[in-house]
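Below is one structure, written out as structure tokens; comments come after it.
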Amino acid sequence: MTDADRDLTAPDLAPGAPDLDAPATDPFEVARHAAAVLAERTGVARHDVALVLGSGWGGAADLLGETVAEVPSHEVPGFSAPAVLGHVGTLRSVRIAGAGDRPERFALVLGSRTHLYEGRGVRRVVHGVRTAAAAGASTVVLTNGCGGLNPAWGPGTPVLVSDHINLTATSPLEGATFVDLTDLYSARLRAVAREVDPSLDEGVYVQFRGPHYETPAEVTMAGRLGGDLVGMSTTLEAIAARHAGLEVLGISLVTNLAAGISPEPLAHEEVLEAGRAAGPRISALLAEVVRRL
Ligand code: 8IG
């Protein structure tokens, strides 16, 4: 089956799991189902940290440690097959060896993410993060590929997310669920990342719905609003992660200058190439950061 043949609207749920999209379904119950399936399929009862791999980050988890098990995402309740070329559709359990006084730990690597622009609803977008929390994780590392407003950030520059502006006009939280986002992107975890690579800059990530890239005027707007990075993911997952009690580290890979910052038009192929070129640096960064979490 090729990506083009996939029915992206199929419910693709494992037998016995409630339908994530049914309004009466509790999305946290589906996340608990998913976590139970993952525990059974990976043989790892509890995962400590989760990583969501965005555009350009596909190979970046390969240095984390030994892959214990790999489960196709569509075989886990509530997960869908990936819709974007260059995204990998598996959930991976990776053993992080202990060192000194650090015990052995397990990372759950979410190799695919559902984007809001796929139109499958916000519950799908944040299901990975909720599953990670249900699987025991206390930390999530959200990575993405994005456009940069700072001309000093050439394609392939990793940037820490210090805060976000959510321009999607939606939220993963349903009903009167008031959650404080003052310190959503953990200053502690950003400091850990800068211990590993002191040259890391940080910036405010602005999420647009997409799937089109911004116009130059929208990029100018994002900058005047206080944004440094523009993308189509991460903010809704970060909100759901905070709600679920996870500590959040956000790392963007600037794969292109945002529209209008450079005279060149944007191309998805350029995005993939910048990811490939940055691979060794961001792989080493991610592995060392996760070891120190
Ligand atoms: I990769 O320039 C990547 N994703 N919105 N704008 C938006 N998303 C992106 C961009 C970009 N580059």
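Name the residue that is surrounded by the most Cβ atoms within 10 Å (Cβ to Cβ), counting only residues in the range 183-200 that are among the hydroxyl-bearing types (Ser, Thr, Tyr) and under 20 Å from the mean Cα position of the chain (by Cα). Let's see the steps before the verdict.
Filtering the range 183-200 for residues among the hydroxyl-bearing types (Ser, Thr, Tyr) gives 185-186, 199.
In the following step, the residues that additionally are under 20 Å from the mean Cα position of the chain (by Cα) were identified as 185-186.
Working: Tyr185: 24, Ser186: 17.
Out of the qualifying residues, it is Tyr185.
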Picked from the range 124-153 (must be closer than 19 Å to Ala60 by Cβ and not in a strand (DSSP E or B)), the residue farthest from the ligand (Cβ to nearest atom) is Ala137
Quickly run through the range 154-180 and pick out the residues that are of a type in the set (S, T, N, Q), in a loop (DSSP other than H, G, I, E, B) and crowded, with 16+ Cβ neighbours inside 10 Å. Thr168, Ser171
If you check Gly119, Gly89, which single one turns out to be without any contact (Cβ under 8 Å) to a residue 12 or more places away in the chain, closer than 27 Å to His268 by Cα and among the small types (Gly, Ala, Ser)? Gly119
Considering the range 253-262 alone, what residues qualify as being surrounded by fewer than 16 Cβ atoms within 10 Å (Cβ to Cβ) and within 9 Å of the ligand (Cβ to nearest atom)? none
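In the range 183-234, which residues are in a helix (DSSP H, G or I) and under 18 Å from Pro158 (Cβ atoms)? Reasoning before the result, please.
Going through the range 183-234, the residues in a helix (DSSP H, G or I) turn out to be 187-196, 216-225.
Selection gives Ala187, Leu189, Arg190, Ala191, Val192, Ala193, Arg194, Glu195, Val196.
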A careful count of residues in the range 263-293 that are within 11 Å of the ligand (Cβ to nearest atom) and hydroxyl-bearing (Ser, Thr, Tyr) gives 0
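Taken together, the values in this text are just the output of simple stated rules run on the coordinates, not laboratory data. The structure displayed is predicted, hence computed values, not measured ones. All Cβ positions, even for glycine, are placed from backbone atoms using ideal geometry, and neighbour counts span all protein chains on display.
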